[in-house]
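Let me begin by presenting the structure, written as structure tokens, before commenting on it.
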Amino acid sequence: LTSQHLTKSRYIAGLQCPRRLWLLVHEPRPYDEPTTGSTLDIGREIGQKAHLLFSGGVLIGEEPWQHAEAVSRTAEFMNDVRVHAIFEAAFEYANIQIRVDVLERLANDTWGLREVKSSTGLKDHYLDDIALQTYVLRGAGVAVSSIELLHVNTAYERGPNGISWADFFRRLDVGDAVAVRLIDLPAGLPAMRDCLSLIELPDAEPGSQCGIPYACEFWDRCTAGEPADWIGYFPRLSQTRASELKMRGIESITAIPADFPLTSKQLIIRDVTASGKPYIAADLGRLLHTFGPPASYLDFEAMMPPIPLYEGTSPYQVIPFQWSLHMIDSNGVMCHKEFLADSLNDPRRQFAETLIDALAGSNDPIIVYSAYEKTRLTELAADFSNLSTALNALIARLADLLPIVRSAVYFPEFGFSNSIKSVAPALCPGFSYNDLEGIADGGAASAAFLQLASGCITNPREVEQLRDELLAYCKRDTLALLEVHSALSRLAFPPS
Ligand code: SF4
């Protein structure tokens, strides 16, 4: 029998979409232990670090399925005045079960509700989450006199003696905003309970609610029956336009009538999808004329440690740790250079110096795909003033291929995406990322290096394997860039 109580996550799911709430409860996904560096793992670690701000605190260690025991232990600690704070305090009221990150004992038998988030500020849906906790606490007879959100303070810089946790967190009083959220909260609960007791899965059209506030885990299930050219896949289709199409009963991109207002890129995508024939702008050659060869093809990998690893860096600061460079000279001769930091020290200076070295003695274009490399180089130039002239010279040589792909080329195989991972295999038959073992995207690369840099992985064989995977992945990305540029050049200047 499925338990039909509400929890914080069920409540937030119910606000997002009733179908998501029902699926979470009736068709739960198997639980996977969060991997190091995942959002869940970061949240858990930061939640534990927040405990350091509350001396004399005790943890309710019972698991979620031991809720009744957790509630009794919480009550015992609330009665013990030696306990100044309770971590993971458990309560139940009106068939809603909650755990409070930190319940802080305050004066006059009152309590402070402290919600800890690993994010960098207040988000709207946090208020719903905290309002539900306040509702349950007050319903259970707890006098809540203060409500705070503890979030990560991005203005904090790590000092020479490690992390100062009091400065790492920012404490935000959200009492007034939560009071406003509480006004309508009780009236919304019966509909959620009704939804949970439905025998059958409720209907809901996939739409803008599927990504806000969370990317819904049931997206594939809900969109499985949609056509391959479903309007939901149409890039940058506004909510208003999507609703207009729905009202007219149009589900497929190819069925969008000629008189329907679309952007110039959407028109291209619709026509390519309908005809199956690629679009190549007449001025592609002109757009490519400054891109060489000779040219270099550059890609960076970076991590964003939530807890800064190096002195002088801030939470979530982007730390580049790896570059790959394919170079092709005017005779078409190719070579490859690369850098992968050792993971023991702050990699930024060495990253910048080795890159300056590798690109010295030439003024050829450095081809990139997006503004990411430019942003990182600009940050490095600000961080290391004695390297700024050399880094600014590299910035001046950057040539971004992405805007050209966006505006001047579209193949049916792009699959509504301009990412290099969609574009390269489409333009260069035989090119693939599929044979890469392990790391095959930027997120995985970032997580892997974070694991190395934070000392989570020390086994030499594992370290070596991860480093090999990182090198192979970044090298593949710059090879993709080179291949895409060559393919675009062939399209612009077909051999006669
Ligand atoms: S994918 Fe969208 S419609 Fe389906 S359950 Fe999730 S939020 Fe609801």
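Scan segment 223-231 and tell me whether some residue there is away from the ligand (no atom under 14 Å from the Cβ), under 30 Å from Tyr11 (Cα atoms) and assigned to a helix (DSSP H, G or I). Checked against the condition, which is being away from the ligand (no atom under 14 Å from the Cβ), under 30 Å from Tyr11 (Cα atoms) and assigned to a helix (DSSP H, G or I), segment 223-231 yields at least one hit. Please find, among Leu466, Leu452, Leu488, the residue that is assigned to a helix (DSSP H, G or I), farther than 27 Å from Tyr410 by Cβ, over 21 Å from the mean Cα position of the chain (by Cα) and touching a residue at least 12 places away in the same chain (Cβ under 8 Å). The conditions single out Leu466.
Close Cβ contacts (under 7 Å, 6 or more residues apart or on different chains) running from residues in segment 394-405 that are within 13 Å of Tyr297 (Cβ to Cβ) to residues that are open to solvent by less than 40 Å² (accessible area, probe 1.4 Å) and part of a helix (DSSP H, G or I) comprise Leu398/Glu373; Leu401/Leu481; Leu401/Val484; Leu401/His485. When the test is whether a residue is of a type outside the set (A, V, I, L, M), modelled with pLDDT under 95 and surrounded by 14 or more Cβ atoms within 10 Å (Cβ to Cβ), Glu226 passes it.
Considering each residue of segment 45-52 in turn, none proves to be assigned to a loop (DSSP other than H, G, I, E, B) and either of a type in the set (Asp, Glu) or within 21 Å of the chain's Cα centre (by Cα) (or both).
Residues that are free of Cβ contacts under 8 Å to residues at least 40 places away in the same chain, out of contact with any Phe, Trp or Tyr (no Cβ under 8 Å at 6 or more places or on another chain) and within 16 Å of the ligand (Cβ to nearest atom) are absent from segment 57-71. Being modelled with pLDDT under 95 and not in a strand (DSSP E or B) is a description that applies to Thr290. Considering Ala382, Ala352, Ala360, the condition of being surrounded by 21 or more Cβ atoms within 10 Å (Cβ to Cβ), farther than 22 Å from Val484 by Cα and out of contact with any strand residue (DSSP E or B) (no Cβ under 7 Å at 6 or more places or on another chain) is satisfied by Ala352 alone. Just one of the listed residues (Val136, Val142) is more than 25 Å from Pro213 (Cβ to Cβ) and open to solvent by less than 20 Å² (accessible area, probe 1.4 Å), and it is Val142.
When Asn79 is tested against (1) among the polar types (S, T, N, Q); (2) over 22 Å from Tyr214 (Cβ atoms); (3) within 16 Å of the ligand (Cβ to nearest atom), exactly one condition is not met: (3).
For segment 200-216, taking the residues that are closer than 12 Å to Arg19 by Cα and exposed (fewer than 13 other Cβ atoms within 10 Å of the Cβ), the one that is nearest to the ligand (Cβ to nearest atom) is identified as Glu205.
Flag set for Leu23, criterion: among the hydrophobic types (A, V, I, L, M, F, W, C), in contact (Cβ under 8 Å) with a residue 40 or more places away in the chain and within 16 Å of the ligand (Cβ to nearest atom). Among residues belonging to segment 434-467 that are crowded, with 17+ Cβ neighbours inside 10 Å and not hydrophobic (A, V, I, L, M, F, W, C), point out the one that is nearest to Tyr316 (Cα to Cα). Among residues in segment 434-467 that are crowded, with 17+ Cβ neighbours inside 10 Å and not hydrophobic (A, V, I, L, M, F, W, C), the one nearest to Tyr316 (Cα to Cα) is Ser446. On the basis of being of a type in the set (A, V, I, L, M, F, W, C), over 25 Å from Asp477 (Cβ atoms), part of a loop (DSSP other than H, G, I, E, B) and at pLDDT 90 or above, does Leu262 make the cut? In short, yes. I want to confirm something. Restricting to segment 27-48 and keeping residues that are touching a residue at least 60 places away in the same chain (Cβ under 8 Å), open to solvent by less than 50 Å² (accessible area, probe 1.4 Å) and not hydroxyl-bearing (Ser, Thr, Tyr), which single residue is nearest to Glu88 (Cα to Cα)? Filtering segment 27-48 for residues that are touching a residue at least 60 places away in the same chain (Cβ under 8 Å), open to solvent by less than 50 Å² (accessible area, probe 1.4 Å) and not hydroxyl-bearing (Ser, Thr, Tyr), the one nearest to Glu88 (Cα to Cα) comes out as Gly47.
The values are calculated or read from the model by the stated rules, or taken from the named source; none is laboratory data. A quick note: this is a predicted structure, and the numbers were derived from the prediction, not measured. Methodologically, a virtual Cβ is constructed for each residue, glycine included, from the backbone with ideal geometry; neighbour enumeration extends over all protein chains shown. For accessibility, only protein heavy atoms count, side chains too; no ligands or nucleic acids. Shrake-Rupley method; radii C 1.70, N 1.55, O 1.52, S 1.80 Å.
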